[in-house]
1. Name the single residue that is nearest to C:GLN195 (Cα to Cα) among those in region C:138-149 being among the small types (Gly, Ala, Ser) and more than 14 Å from every other protein chain (Cβ to nearest Cβ).
2. Would you confirm whether any residue within region D:49-61 is within 11 Å of DNA strand E (Cβ to nearest atom) and either farther than 30 Å from D:ARG138 by Cα or within 14 Å of chain C (Cβ to nearest Cβ) (or both)?
3. Looking at B:SER25, B:SER88, B:SER105, which is the one that is polar (S, T, N, Q) and more than 17 Å from the chain's Cα centre (by Cα)?
4. Based on this model, can you work out whether A:GLU55 counts as under 28 Å from the mean Cα position of the chain (by Cα) and either touching a residue at least 40 places away in the same chain (Cβ under 8 Å) or over 16 Å from A:HIS100 (Cα atoms) (or both)?
5. Kindly indicate the residue of region A:22-39 that is over 18 Å from B:GLN28 (Cα atoms) and buried (at least 19 other Cβ atoms within 10 Å of the Cβ) and also farthest from DNA strand E (Cβ to nearest atom) among those meeting that condition.
6. Could we say that A:ALA18 is touching a Pro at 6+ places or on another chain (Cβ under 9 Å), of a type in the set (Gly, Ala, Ser) and closer than 27 Å to A:TYR93 by Cβ here?
7. Restricting to region B:92-126, give me the number of residues that are acidic (Asp, Glu) and either more than 14 Å from B:ARG170 (Cβ to Cβ) or surrounded by 19 or more Cβ atoms within 10 Å (Cβ to Cβ) (or both).
8. Filter region C:124-154 down to the residues that are over 21 Å from C:LEU72 (Cα atoms) and of a type in the set (Phe, Trp, Tyr) and list them by number.
There are 4 protein chains.
Amino acid sequence: MAVSSKSEARRDQIQRAAEKVFARSGFQESTISDIAKEAGLSDATIYEYFASKEELLFSIPGELTLEEKEFLEFHLAHVRGAGNKLRSLIYHYLWFWQSHPDYASVAMLILKQNRKFVDTEAYRIIQETYRMIPDIIRDGIASGEFDPSIRIGVATSMVLGAIEHMVVHRLLHGKPDDLLDYVDYLTDTVLRGIQKQDSAKDVTVHVTVNADGSHSVK
Amino acid sequence: MAVSSKSEARRDQIQRAAEKVFARSGFQESTISDIAKEAGLSDATIYEYFASKEELLFSIPGELTLEEKEFLEFHLAHVRGAGNKLRSLIYHYLWFWQSHPDYASVAMLILKQNRKFVDTEAYRIIQETYRMIPDIIRDGIASGEFDPSIRIGVATSMVLGAIEHMVVHRLLHGKPDDLLDYVDYLTDTVLRGIQKQDSAKDVTVHVTVNADGSHSVK
Amino acid sequence: MAVSSKSEARRDQIQRAAEKVFARSGFQESTISDIAKEAGLSDATIYEYFASKEELLFSIPGELTLEEKEFLEFHLAHVRGAGNKLRSLIYHYLWFWQSHPDYASVAMLILKQNRKFVDTEAYRIIQETYRMIPDIIRDGIASGEFDPSIRIGVATSMVLGAIEHMVVHRLLHGKPDDLLDYVDYLTDTVLRGIQKQDSAKDVTVHVTVNADGSHSVK
Amino acid sequence: MAVSSKSEARRDQIQRAAEKVFARSGFQESTISDIAKEAGLSDATIYEYFASKEELLFSIPGELTLEEKEFLEFHLAHVRGAGNKLRSLIYHYLWFWQSHPDYASVAMLILKQNRKFVDTEAYRIIQETYRMIPDIIRDGIASGEFDPSIRIGVATSMVLGAIEHMVVHRLLHGKPDDLLDYVDYLTDTVLRGIQKQDSAKDVTVHVTVNADGSHSVK
DNA sequence: CATGAATGAGTGTTCATTCAT
DNA sequence: TATGAATGAACACTCATTCAT
């Protein structure tokens, strides 16, 4: 995480400036000049480090993406139970996007809709990270924690969709103030939707069998 | 719904062309020239009907949005039960986006991230339409069908997020082929997450009483 | 030669302006802005007629080249004798380049050294026109007018080289004032180099006989 | 001729690299970066030895030009007869350009058309060297070897034009393979054009003057 | 002596938009 | 109503050149 060289520091400085500017104005509306000004450098210097405005945009996820993936994998490895993993994951994502709002803007509002971005290494890593969700769900089904009748893809869309929807809503409307307040509500609701019903509550049925074979239930 | 005048037909023709072109290339990458060509008109003619490229973009949702809203409201008015309303709504949205892919591209990939679009009449109508979801959920809670402990906003994000996630995924990756296959899976999972647990299901317990008075439950 | 349409006139106007500016400053040193100013148009208008600065440059020879070729072919068809044809041709080229100094600059100092220009239709036509020289020489040899021992390529280089050298010298140093003064000197010298020695000349001898019977020859 | 210092060697190394790069890509299309890479140095180092890209270009003819001049002068001093001198000179030039193709490209395709180059010391030396041609011709006329009616400038253009035309043709089209094959053909043709005709053949005219003043020629 | 790093100055090109006809 | 023609306003990108180390 420590920046190795002078040159790396410059790259990073430019990426941070670009992130800020792109988040504020969008990609097309941001100019290299804006970014250079934000970074306290000249336009030409930007091009010493990035071949084009688009390359600069695509470089922003950079190592952050990989670090995130590893951090999340490391963490979840220590959590027992699919439900708990899901809660951790939801917590982590909401926390992550909330604490990196500029990056969130770039990722959610700019990169996600860019058709060229999908050919990127960063995109691949993001997709891999997202794949943890169906993996957890699959594990939960295998362990009997989740209901086998649910569709993994649907459940994944529900989790990811809800997270992204909340993040985008906050970016665009500034509400809610703190996404983390909703981790448990979201997790609980999701879990109730996908958990095995009988694992969730004990139903005690009292059956009284009479001498004549008739019975009553209470 | 019938197009009133010659002029209205022209407007519509241009909007359809723009929808197609924007869907194919994005907003910034589409030129007025492209749209004019697609419409079989000259560039200047576009400006006889729309003041700017952006106004043209923002006009695309146009009446469709209002029609949709009314159609959906009309339909749901005849559906009994919050759960059933939700199923109808999910069905309707998935069907709608799937059958209007160009419009879906414009709405999901272009308009949704545009900060100026939020000041638009069309945006207001869309938001109003979306508000049917929390309304249904609120009604479901009031009627005892849904669990009062759930958070309406969270549940709304879940429903809307899942729908949009599935639509966008299909737009960008072409899968799944038919979103409608997933209406029931999605609805069921969502409903299980928000329904009152004990009101929700019929439990059938088969008790077999043996001759010796012992019994087994299945 | 008559300009057909409004649009053709504009193209031509731009080409004339470009010719002038390129001749004055060279290709790289000329800006589209310079050309637009010279033409009394805006920069953008240039691009309505030519896709790029380079395309504009390459378009300059345009029809002029073809007209020249046809004009020269037409003329030479009426000239009898290879030597006379060569004289006409030399006259024509010196006259042509001298009366189109801007075009001469563009052709001799810019286009001739451009490696992309050789892939051009205009280049092909120019080459074809130049091919008249070896053709005439070949004919002259066949008819017995020229010496069969000369090398056609060498003689062609001599003729063309001399013409171009004189034209370029005049362009760069402003001398001589009138290239046409040298048509006969050049032609005569060239012809003496390639004609069959004994077939070649009429000798006029002026003999003055004095009263005393003595005479002088001049 | 031996390189005096370390610094001189560096200069030379850079000039050779520049020559190569300029020959390959032309002046404007070559970058200092290209040259530095070719020389195995950094961009900045180029500027330790040359004040600007243009100065570097103009420096290329450098001593070579002077050496050539002296070499040619020394050689021709030992050749007897204007015709023989001309043959030697033609041989020398064709050989020189052919054996220095990169320099030929730079000189013929870049420097020759550069209006600033004419203010250069190197240009002066080249012109002085070229002046050997009219000098030889003048000597030939004075000695009675060449025809006094020829125009020195025209003959010079013919010689120089032919040489340069052949060299450029070879540079641009790769033909002919060996220019030296044409030394004699070119020289012979040129010489026949400028040599005294009567030195080539004697014409005897018998004029009989009659008593009445009439005459007959035989 | 060599260079990594930075930049000023410049320019070709695009395109939404206007307007006379 | 429709459009051909024109352009103002931008902007990404290049590269020769400088200078502290």
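1. Looking at the filtered set, the residue picked out is C:GLY144.
2. yes
3. Within the list B:SER25, B:SER88, B:SER105, the selection yields B:SER25.
4. yes
5. Once the filter is applied, the top-ranked residue is A:ILE35.
6. So A:ALA18 fails the test.
7. So the count comes out to 2.
8. Within region C:124-154, just C:PHE146 meets the criteria.
The values are calculated or read from the model by the stated rules, or taken from the named source; none is laboratory data. For clarity, every value in this text was computed on a predicted model and none was experimentally measured. Glycine gets a Cβ as well: all are built from the backbone with ideal geometry, and neighbour counts include every protein chain shown.
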